[in-house]
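As structure tokens, the structure follows; a few thoughts come after it.
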Amino acid sequence: MKSIVAAKKKNSRRYGENLWGDANSPFNKRSYGPGQHGQRKKKVTDYGEQLNAKQKMKVYYGNISEKQFHKYYAEAIRRSGDAAENLIGLLESRLDNLVYKAKFVPTVFAARQFVNHGHVTVNGKKVNIPSYLVKAGDVIEVREKSKGLALVAAAIESQSRDFPGYLEVDAKKLTAKYTFVPKFDDVPYAAIMEPNLVIEYYSR
């Protein structure tokens, strides 16, 4: 799994930012893009900026598939209110994202596998779907038999990430209450995210 995560984190260099604020990110060592010509900079068109914003956000949330990401866009514009804010709310409500933000595991990629393998409950019921949308007020918990896993212990000991304001985390019990669906400004992004450009990309 480490090699997969390392390969995916090369995206930090591809997008020119440390996407997850990770101290061990490859971007910290090589701040230019991957490949032989990574240092070359080209003028980016409006379409290119929109595409880049969309791809970067897909990667940040664990390399979400294009099909699923488009579904989030469709739901975001269907709902009332600001579409970009709706998109952020949907993405942040993903179970794997909240498991990562609660620091139960070290990366969002590990969170997807962690949920897939049945290590998490929502309101006391096992949920093994990473894209499951958690509702405000729901309580996420690491299952009793999974609390002793080395992956969990390592993540809990790490102090490299703070908890976002919309999660009430009990590190000892390994529970996290999703107190409210965040707006864009509530999310502690380590990199620049532009959900408005994502909406523009799909709306063109």
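The values are calculated or read from the model by the stated rules, or taken from the named source; none is laboratory data. Keep in mind that this is a model prediction, so the values were computed, not measured. Cβ: placed from backbone, ideal geometry, glycine included. Neighbour counts: every protein chain shown. The area values use the complete protein model at the heavy-atom level, side chains included, leaving out ligands, DNA and RNA. Shrake-Rupley method; radii C 1.70, N 1.55, O 1.52, S 1.80 Å.
Among residues that are in contact with a strand residue (DSSP E or B) (Cβ under 8 Å, 6 or more places away or on another chain), open to solvent by 40 Å² or more (accessible area, probe 1.4 Å), of a type in the set (D, E, K, R) and assigned to a loop (DSSP other than H, G, I, E, B), Lys177 is not included. For Val108, all conditions in the list (1) in contact with a Gly (Cβ under 7 Å, 6 or more places away or on another chain); (2) open to solvent by 10 Å² or more (accessible area, probe 1.4 Å) hold save one; what is the number of the exception? All conditions pass for Val108, except number (2). For beta carbons closer than 8 Å, sequence separation of 6+ or different chains, a first residue in segment 161-176 that is closer than 14 Å to Thr121 by Cα and a second that is in a strand (DSSP E or B) and open to solvent by 50 Å² or more (accessible area, probe 1.4 Å), the qualifying pairs are Lys173/Glu141; Leu174/Glu141; Thr175/Val139; Thr175/Glu141; Ala176/Val139; Ala176/Glu141; Ala176/Glu168; Ala176/Asp170.
Every residue, every condition in (1) at pLDDT below 95; (2) of a type outside the set (S, T, N, Q), yes or no:
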residue: Thr45; (1), (2): yes, no
residue: Met57; (1), (2): no, yes
residue: Gly62; (1), (2): yes, yes
residue: Glu75; (1), (2): no, yes
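Looking only at residues in segment 67-99 that are free of Cβ contacts under 8 Å to residues at least 24 places away in the same chain and closer than 22 Å to Leu167 by Cβ, the one that is surrounded by the most Cβ atoms within 10 Å (Cβ to Cβ) is Tyr72.
Determine whether segment 182-204 contains at least one residue that is touching a Ser or Thr at 6+ places or on another chain (Cβ under 6 Å), touching a residue at least 12 places away in the same chain (Cβ under 8 Å) and either more than 15 Å from Tyr61 (Cα to Cα) or among the aliphatic types (A, V, I, L, M) (or both). Please lay out each step first, then the result.
Of all residues in segment 182-204, those touching a Ser or Thr at 6+ places or on another chain (Cβ under 6 Å) come to none.
So far as segment 182-204 goes, no, none of its residues is touching a Ser or Thr at 6+ places or on another chain (Cβ under 6 Å), touching a residue at least 12 places away in the same chain (Cβ under 8 Å) and either more than 15 Å from Tyr61 (Cα to Cα) or among the aliphatic types (A, V, I, L, M) (or both).
The number of residues in segment 114-156 being open to solvent by 20 Å² or more (accessible area, probe 1.4 Å), out of contact with any strand residue (DSSP E or B) (no Cβ under 8 Å at 6 or more places or on another chain), outside any loop (DSSP other than H, G, I, E, B) and at pLDDT 95 or above comes to 2.
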